[in-house]
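What follows is one structure encoded as structure tokens, with my remarks underneath.
The values are calculated or read from the model by the stated rules, or taken from the named source; none is laboratory data. Source: prediction; values computed, not measured. Virtual Cβ from ideal backbone geometry, glycine too; neighbours counted across all protein chains shown. Just so you know, the surface numbers come from the protein's heavy atoms only, side chains and all, with ligands and any DNA or RNA stripped out. Shrake-Rupley method; radii C 1.70, N 1.55, O 1.52, S 1.80 Å.
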Amino acid sequence: MALETALTLTVVLGFTTLVLLLAGAPPLESYRQIVKGSLGSWGKVTHVIKVWIPLTLAACGLLYTFRIGLWNIGVEGQVMVGAVLTTYVLRTGSDGQHGQYLLAAALLAGMAGGALWAVMAGYLKTRGGVHEIFAGLGLNFVAQGLVLWLIFGPWKQPGIASMSGTETFAEHLWMPYLEGLRISPAALGMTLTSVVLTAYMLRATRFGLYLKAIGSNEKAAFLFGLRPQATMILAMVCAGGFAGLAGSFQVAGVYHRLIPAISSGYGYLALLVVMLSGFSVWVSPLVAFFFACLNVGSIQLPMVLQLDSSLSGVIQGTLVMAALAMHAMRARSRKGGGPDAGG
Amino acid sequence: MKKAIALVLTVFLVTALVQSVAGTARAAAKPYTFGLLLVGPYNDRGYSQAHYEGGQYVEKTVPGARMIYIDKVNPADRPGITIPQLVDDMVEKGARLVIANSDDMKDGIREAARQHPDIHFVHVSGDDVLTGKAPKNLVNTFGRMEYGKMMAGFVAALTTRTGKIGYLGPLINEETRRLAGSAYLGARYAWEKVLKKNPKDLTFQVTWIGFWFNIPGVTADPTQVAQNFYNTGFDVVISGIDTTEAVTVAKQKAKEGKQAWAIPYDYVGACEGGSSVCLGVPYFNWGPGYSGLVKKSMTGPWKSEWTWLGPDWQDINNHRTTNVGFMEGDALAPGVKKELKTFIRDLGSKKVQLFKGPLRYQDGTVFLREGEVATDKQVWYMPKLLEGMQGAGSAK
């Protein structure tokens with residue numbers, strides 16, 4: 001296992017260095033800037049945490065669906081719908097009253113929205129026989145369409161028709177953050193709780209055991225009296241709930257409005273995070289932290305070295321390929337396949 | 001596996017700590033650093049490049065001034081990155097003044113200005129000072145592009161053979177309404193006063209794409225919108241977006257044997273590469289304005305104000321003095337050039353005032369009564385398109 005990881009990292013590092021050299025960039029200096037730009041000061045670390053929160057939440061959700069053997073590609077759309085419902089609730093609160101209750105309601109609505117979107121993909125799978133990858137992808141497009149339509153249509157700013165985003169919420173509807181730190185303690189706390197909760201659910205409960213049993217062998221699980229389809233729906237509800245909460249934080253804690261790119265691609269990124277961490281609850285937050293550093297730190301490439309920052313996209317892409325290769329290798333060595341490995 | 005990842009992360013963290021300690025050690029003799037946030041690529045041949053070169057001009061002309069910039073600052077190009085985050089970074093790098101160049105950054109730069117009360121902020125194109133939302137350290141500035149757009153409309157009307165002018169609009173807000181309106185007023189003036197034709201025979205169509213530049217899957221595609229104009233009898237397209245699609249499409253159409261002209265926007269060099277179809281470009285010349293701001297930021301006092309910088313009427317293309325200009329393109333006919341010269345002279349002397357009544361909005365309601373000249377605020381906040389223009393004028 002350690003050998004595979006080391007191999008993956010070597011491949012990633014080697015390929016990235018090659019790309020940097022081809023782009024005419026000094027690789028060591030580039031890496032130094034990324035590290036410095038993400039962890040070089042407390043301010044930077046808080047921005048990394050701001051990215052880490054939604055990424056980790058989406059990853060938590062995916063752990064449930066991966067455990068039962070579902071490829072929940074629809075997580076991206078689940079983040080978006082969570083953001084949409086959160087925006088819907090916050091839009092009702094312009095009068096300045098009951099900010100904190102409204103925020104709580106908005107977060108719950110976000111979770112419900114993500115869960116609803118996930119259940120739709122789940123039912124398409126269990127009832128309609130549509131593979132969850134296609135259902136999820138389709139629903140991602142629908143969710144993106146919904147966001148664009150709302151921004152340019154019903155929720156547009158007065159007198160303005162712009163893809164920029166909806167009106168910014170009044171400040172009492174922002175997730176409160178610590179002065180000077182720029183982190184919402186509530187969001188951070190909920191994310192850490194989510195990680196612990198997910199670990200507990202997957203490792204210490206009957207539900208977690210069912211997920212694993214069904215993920216390992218659906219037919220055998222059925223013969224043992226488990227209900228694979230209902231459990232799959234439940235796993236989707238968990239995944240969608242966490243993804244929806246990620247979307248809620250994007251709206252209430254980061255952008256304070258709905259924008260077209262509200263999900264920031266964190267859903268897709270979370271898929272990689274979970275795969276790269278070998279489907280482990282405890283490793284996922286670390287890998288998510290690494291990706292968050294990459295996201296925040298790579299802004300230094302254009303700012304300091306005048307490099308195109310899409311190079312960080314190349315680094316991420318390399319990680320994807322390496323992760324998939326590692327996954328394939330592992331699957332072959334177990335003759336199994338499917339994302340069912342424990343962590 | 002876990003051990004390996006833990007190891008990597010540890011190395012990562014240790015390196016970071018060493019870096020940050022090393023970083024604080026060297027901070028001797030600082031120049032005066034200003035930060036520039038660009039919404040598009042620094043080399044977009046449009047809006048953002050004009051700002052970028054303005055910043056370079058400051059570096060050249062103001063002793064001690066040093067620019068740091070970051071481009072493509074928008075959530076589509078940089079997912080997850082926010083304005084306050086970039087400002088934090090610039091301030092860490094020593095920026096004393098931060099300039100945000102886009103309408104899209106309004107909320108983000110206001111938030112950042114509140115978080116850094118000791119740093120000076122400029123929001124270009126914004127109106128937070130007018131609306132009272134601006135914190136004390138935030139200044140608004142913009143160029144009086146209305147004049148540039150009037151010139152664009154003027155040459156468009158004198159060039160069109162079909163009497164149909166297309167306006168490739170970005171998104172709908174106050175700024176874009178008044179700019180499209182200015183282009184129309186320039187066109188109507190040329191049509192009526194120079195060509196002595198009936199304004200009813202002039203078609204001026206505005207089509208909006210939804211943002212300042214193309215975002216695939218989010219905005220309408222400006223290339224298609226431009227093609228659509230040329231395919232439906234429009235022969236001059238005035239661009240209101242940050243990038244140069246209109247020129248590219250006009251060139252294609254000219255190659256296919258059509259009569260097609262384009263007027264790009266924002267950047268003095270926007271005609272390059274399409275000079276055979278380019279009538280000219282109304283552009284921002286940020287150098288002088290930015291120099292003034294940086295100098296003011298250096299010496300103080302810095303106070304919250306809203307400024308609208310005009311052209312240097314002595315020579316609207318003098319790069320040391322003018323804030324907006326109009327660079328003639330190779331496709332501009334000699335006769336039109338002569339008329340344009342007169343028009344510019346008359347605008348400068350206020351002999352010609354286009355925002356003067358009687359003017360009506362698209363829906364027939366009165367904008368300016370007979371003889372009434374619009375105030376700056378009336379022009380800035382024009383709520384609807386003008387009578388005679390076609391296309392959506394506001395979001396209901």
ask   = Are there trypsin sites (Lys or Arg not before Pro) in region B:193-302 that DSSP marks as loop and that have at most 15 other Cβ atoms within 10 Å, and which are they?
value = B:196, B:197, B:258
task = Convert each backbone phi in region B:102-119 into a coupling constant with the Karplus relation 6.51 cos²θ - 1.76 cosθ + 1.60 (shift: θ = phi - 60°), then list the ³J(HN,Hα) values in order as whole Hz, x for Gly and Pro.
result = 10, 3, 5, 9, 3, 5, x, 6, 5, 4, 5, 5, 5, 6, 10, x, 8, 9
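Quick one: with all protein chains in place, what share of the accessible area of chain B is carbon or sulfur, to the nearest percent (1.4 Å probe)?
Answer for chain B is 52 percent, counting heavy atoms of protein chains only.
What is the local net charge at residue B:212, summed over the other residues whose Cβ is closer than 9 Å to its Cβ (Lys, Arg +1; Asp, Glu -1)? The partial results should precede the final answer.
Numbers: positive: none; negative: B:103, B:104, B:242.
Around residue B:212, the surrounding residues sum to -3.
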ask   = In percent, how large is the relative contact order of chain A, given Cα pairs closer than 8 Å and 6 or more residues apart?
value = 35
request  = Please calculate how many Å² of accessible area chain B carries per residue, with a 1.4 Å probe and no DNA, RNA or ligand atoms counted.
outcome  = 40
query = How big is the accessible area of residue A:34 in square angstrom, nearest 10, if you roll a 1.4 angstrom probe over the protein chains?
reply = 10
remark   = Expressed as a percent, the accessible surface of chain A that is carbon or sulfur, using a 1.4 Å probe and the full set of protein chains, is 69
query = At what distance in angstrom do the alpha carbon centres of region B:26-76 and region B:335-388 lie from each other?
reply = 34
query = How do B:178, B:45 stack up against each other in accessible area, from largest to smallest, with a 1.4 angstrom probe?
reply = B:45, B:178
task = Enumerate by residue number the GluC sites (Glu not before Pro) in region A:153-232 meeting two conditions: DSSP loop (anything except H, G, I, E, B), and at most 13 other Cβ atoms within 10 Å of the site's Cβ.
result = A:179
request  = Please list A:51, B:218 in order of solvent-accessible area, largest first, computed with a 1.4 Å probe with all protein chains present.
outcome  = B:218, A:51
task = State the answer as a single residue: which of A:214, A:69, A:184 lies farthest towards the positive end of the charge dipole of chain A, with beta carbon charges of +1 for Lys and Arg and -1 for Asp and Glu, about the Cα centre.
result = A:214
inquiry  = If I fit a long axis through the Cα atoms of helix B:245-255 and take the longest principal axis of the Cα atoms of chain B, what angle between them do I get, 0 to 90°, rounded to 10?
reply    = 50
ask   = How many percent of DSSP beta bridges within the protein assembly as shown run antiparallel, rounded to 5?
value = 20
ask   = Hey, what do the phi angles of region B:43-55 turn into as Karplus ³J(HN,Hα) couplings, whole Hz, using 6.51/-1.76/1.60 and θ = phi - 60°, x for Gly and Pro?
value = 10, 7, 6, x, 3, 6, 5, 4, 5, 4, 6, x, x
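How big is the B/A interface in buried accessible area, both sides summed, 1.4 Å probe, to the nearest 100 Å²?
4500
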ask   = Which of the residues in region B:216-243 lose at least 50 Å² of accessible area when you go from the chain alone to all protein chains together (probe 1.4 Å)?
value = B:218
note = The answer for region A:57-278, accessible area per residue at 1.4 Å probe in Å², is 40
request  = For region A:252-299, state which residues have at least 30 Å² less accessible area in the presence of all protein chains than in their chain by itself, taking the probe as 1.4 Å and leaving out ligands, DNA and RNA.
outcome  = A:255, A:257, A:261, A:264, A:283, A:286, A:290, A:295, A:299
ask   = Is there a simple number for the mean count of other chain Cβ atoms within 10 Å of the Cβ of residues in B:93-103, and what is it?
value = 1
ask   = Along region A:229-241, what does the Karplus equation 6.51 cos²θ - 1.76 cosθ + 1.60 (θ = phi - 60°) give for ³J(HN,Hα), rounded to whole Hz, x for Gly and Pro?
value = 5, 4, 5, 4, 4, 4, 4, 5, 4, 4, 4, x, x
ask   = How much accessible surface does residue B:238 have with a 1.4 Å probe, in Å² rounded to 10?
value = 0
request  = Collect residues whose amide H, placed 1.01 Å from N in the peptide plane, falls under 5 Å from the amide H of residue B:33; neighbours closer than 5 in sequence don't count.
outcome  = B:66, B:96
message = For residue B:129, what accessible surface area do you get with a 1.4 Å probe? Give it in Å², rounded to 10.
response = 40
request  = Hey, can you grab everything whose amide H is under 5 Å from the amide H of residue B:69? Only 5+ residues off in sequence or another chain; H modelled, so Pro and N-termini drop out.
outcome  = B:36
key: Test item: Cα-centred dipole of region A:57-278, Lys/Arg +1 and Asp/Glu -1 on Cβ, debye   = 680
task = Using amide H atoms built 1.01 Å from N in the peptide plane, name the residues 5+ places from residue B:206, or on other chains, whose amide H lies under 5 Å from its own.
result = B:167, B:390, B:391
